[in-house]
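**Q** Questions regarding the structure given below will be posed in turn.
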Amino acid sequence: MTNILKEAALMRGLLPSGASVRLAPTGIVRGEMADRLLKAGLGRPLAGGPAAFSAVEIIARSADAIHLLGPAPLDAATVWAEGEGIGTTFDQQLDLISAPRPVLVGLPADRPLIMGIVNVTPDSFSDGGDFAATNDAVDHSFELLMQGADILDLGGESTRPGADPVPVAEELRRVVPVIEGIRRRAGAKRPVISVDTRRPDVMRAALEAGADIVNDVTGLADPESRRIVAEAKVPVMLMHMRGEPQTMQSEAQYDFTPLQMLEELEQRVLEAEQAGIPRERIVVDPGIGFAKNTDQNLEVLARLGLLHGFRCTVLIGASRKKMIANISRDEPAKERVPGSLAIALAGVEQGVQIVRVHDVAETVQALKVWAGIAGRR
C-alpha cells in the first residue's frame with residue numbers, strides 16, 4: 001500500500017528527487033472577480049476562460065508515496081517549485097491548464113454543454129426499455145433537443161456494472177435506425193449526435209449513418225477503434241475504466257483514486273494521439289461509477305480539476321447513478337435528479353465543459369441559475 005503524505009505548507013525538501021507532479025487548480029472564480037484577479041496578475045485563465053484560478057493543489061508521486069501539497073497561491077507555489085528544481089514542469093502544467101479548449105463540432109465554447117442521454121436498450125440501469133423502440137428513441141431525442149440538449153448521446157448497449165455484452169448485430173439494429181431517423185426528421189438543422197459504443201463495427205456504421213462524435217467507455221482500447229476515429233477525423237470521448245462492465249467493480253482497488261485514474265486515462269490519451277487523433281478532438285471523462293465505489297467516485301469528483309492538465313475538453317457523467325442513492329436514502333434511479341444536479345454543478349464549478357445527463361430540462365435550469373450567480377461574483 002502506497003503512503004499518502006499530506007502537507008498544507010509548501011516547505012523545502014518536501015518532494016524526493018524525480019517525483020512526478022500534477023496540478024489541480026483551486027480558488028476558481030468567474031465574472032468580475034475573475035477579471036480583477038487576471039488584471040492584478042494574481043490568477044490565470046482556466047481552460048482559456050472566462051473562469052480564472054488563483055491557487056493550486058500539488059499532487060505528486062514519488063517512489064514510495066503520493067504527496068498532497070497545499071493548496072497554495074500561484075505566486076507562492078511558483079517560487080516553491082523553482083526552489084525544488086521543478087519550475088519548468090510546474091510552468092508547463094500551468095500553461096496546459098490555462099490553454100483555451102477547441103470548439104467541438106461548432107458548439108458554443110462560452111458555457112457548459114449538456115449531453116442528453118438516449119438509451120436504446122431494454123436493460124439500462126435508469127431508463128432501460130423506455131426508448132428501446134426506434135420511433136420512441138427518435139421522439140425522445142427531439143424532446144431532449146427542445147429542452148436544451150447540445151449533444152444527443154445514443155447507446156445500444158448497457159455498460160452498467162454487471163451488464164452482459166450485447167452482440168454487435170443487435171447493437172447495430174438498435175442504434176443505426178435511430179441515427180438515421182433523427183437525421184431524416186431534423187433535415188438541414190443537423191443536431192450533434194454522439195454514438196456511445198465500444199465496438200469498432202458500431203462506430204463505423206454510426207458514423208456512416210450520421211453520428212458526429214464517438215463516446216467510448218473503454219477509451220478506444222481497441223486499436224481498430226482508434227484507426228476508425230482517426231480516419232473519420234471526428235471528436236472522441238475517452239473514459240477511464242478498468243476491465244469489462246461485468247467484472248469492473250472487482251477492480252476498484254486504488255491507493256489514491258484521482259491520481260491513478262489520471263495516470264491510466266493519460267495512457268489512453270497518448271495512444272489516441274499516437275494513432276493520429278489530436279488532443280483538439282479528444283474529450284476526457286473520469287468514468288464515475290466505472291471500476292470505482294462510492295468513496296472513490298467522491299474522491300475523483302472532488303479533484304476534477306486535475307483533468308485540465310490534459311489540455312482536453314472535460315466531460316462528467318454521473319446522472320442518476322447508484323452512488324447518489326448510496327449517499328442519500330437508496331432512492332430508485334428516476335428519483336436521483338437532485339443528486340445528479342448537485343454533481344453537475346460541482347463539476348462545472350471546477351471547469352467541466354460537458355455534463356452528460358438524463359434530465360436535460362432540470363439541468364438547463366440549474367446551470368442557468370448557477371451561471372447567473374457565478375457571473376456576478
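**Q** I'd like to know if region 245-266 contains one or more residues that are farther than 24 Å from H67 by Cβ, open to solvent by 40 Å² or more (accessible area, probe 1.4 Å) and in a loop (DSSP other than H, G, I, E, B). Walk me through it before giving the result.
**A** Of region 245-266, the ones farther than 24 Å from H67 by Cβ are 245-251.
When the remaining residues are screened for being open to solvent by 40 Å² or more (accessible area, probe 1.4 Å), the result is 246-247, 249-251.
With the extra rule that they be in a loop (DSSP other than H, G, I, E, B), the set shrinks to 246-247.
Taking every residue of region 245-266 in turn, at least one turns out to be farther than 24 Å from H67 by Cβ, open to solvent by 40 Å² or more (accessible area, probe 1.4 Å) and in a loop (DSSP other than H, G, I, E, B).
**Q** Please work out which residue is farthest from L23 (Cα to Cα), limiting yourself to region 73-88 and to residues that are among the hydrophobic types (A, V, I, L, M, F, W, C), open to solvent by 10 Å² or more (accessible area, probe 1.4 Å) and in contact with a strand residue (DSSP E or B) (Cβ under 9 Å, 6 or more places away or on another chain).
**A** To start, the set of residues in region 73-88 that are among the hydrophobic types (A, V, I, L, M, F, W, C) comprises 74, 76-77, 79-81, 86.
Next, only the ones that are open to solvent by 10 Å² or more (accessible area, probe 1.4 Å) stay: 74, 76, 79, 86.
Right, trim to in contact with a strand residue (DSSP E or B) (Cβ under 9 Å, 6 or more places away or on another chain) and you get 74, 76, 86.
Values: L74: 11, A76: 14, I86: 12 Å.
Applying the filter and picking the extreme gives A76.
**Q** Still on this structure: Considering G155, G116, G148, which residue is open to solvent by less than 40 Å² (accessible area, probe 1.4 Å), small (G, A, S), within 23 Å of the chain's Cα centre (by Cα) and closer than 22 Å to A169 by Cα? Steps first, please.
**A** On the way: G116 fails: closer than 22 Å to A169 by Cα; G148 fails: closer than 22 Å to A169 by Cα.
G155 is the lone residue from the list that is open to solvent by less than 40 Å² (accessible area, probe 1.4 Å), small (G, A, S), within 23 Å of the chain's Cα centre (by Cα) and closer than 22 Å to A169 by Cα.
**Q** Let me ask something else about it. For region 194-217, does any single residue satisfy the condition of being under 23 Å from E271 (Cα atoms) and open to solvent by 50 Å² or more (accessible area, probe 1.4 Å)?
**A** Yes.
**Q** Kindly list the number of the only condition in (1) more than 12 Å from the chain's Cα centre (by Cα); (2) assigned to a helix (DSSP H, G or I) that fails for L306.
**A** That leaves (1) as the condition not met.
**Q** Of the residues that sit in region 331-355 and are outside any helix (DSSP H, G or I) and either open to solvent by less than 40 Å² (accessible area, probe 1.4 Å) or of a type in the set (D, E) (or both), which one is nearest to E299 (Cα to Cα)? Walk me through how you get there before you give the answer.
**A** Step one: list which residues in region 331-355 are outside any helix (DSSP H, G or I), which gives 331-332, 336, 350-355.
So of that shortlist, the ones also either open to solvent by less than 40 Å² (accessible area, probe 1.4 Å) or of a type in the set (D, E) (or both) come out as 331, 336, 350-355.
On the way: E331: 22, R336: 20, Q350: 14, G351: 17, V352: 16, Q353: 19, I354: 19, V355: 18 Å.
So the residue we want is Q350.
**Q** Right, another one. What do you reckon, is S194 within 26 Å of D164 (Cα to Cα), in contact (Cβ under 8 Å) with a residue 60 or more places away in the chain and in contact with an Asp or Glu (Cβ under 7 Å, 6 or more places away or on another chain)? Give the steps one after another, and end with the answer.
**A** Values: within 26 Å of D164 (Cα to Cα): yes; in contact (Cβ under 8 Å) with a residue 60 or more places away in the chain: yes; in contact with an Asp or Glu (Cβ under 7 Å, 6 or more places away or on another chain): yes.
Yes; evaluated as a whole, the condition is true for this residue.
**Q** To continue, here is another question. Just name the residue that is farthest from R111 (Cα to Cα) out of those in region 42-82 that are in contact (Cβ under 8 Å) with a residue 12 or more places away in the chain and of a type in the set (D, E).
**A** D64
**Q** Same structure, new question: Across region 309-320, which residue is surrounded by the fewest Cβ atoms within 10 Å (Cβ to Cβ) among those that are part of a loop (DSSP other than H, G, I, E, B) and touching a residue at least 60 places away in the same chain (Cβ under 8 Å)? Walk me through it before giving the result.
**A** Taking region 309-320 and keeping what is part of a loop (DSSP other than H, G, I, E, B), we get 311-312, 317-320.
Filter again for touching a residue at least 60 places away in the same chain (Cβ under 8 Å), leaving 311-312, 317, 319-320.
Details: R311: 21, C312: 25, G317: 28, S319: 26, R320: 23.
The extreme case among them is R311.
The values are calculated or read from the model by the stated rules, or taken from the named source; none is laboratory data. The structure presented is a predicted model; accordingly, all values stated were derived computationally and were not measured. Backbone-built Cβ (ideal geometry, glycine too); neighbour counts: all protein chains shown. For accessibility, only protein heavy atoms count, side chains too; no ligands or nucleic acids. Shrake-Rupley method; radii C 1.70, N 1.55, O 1.52, S 1.80 Å.
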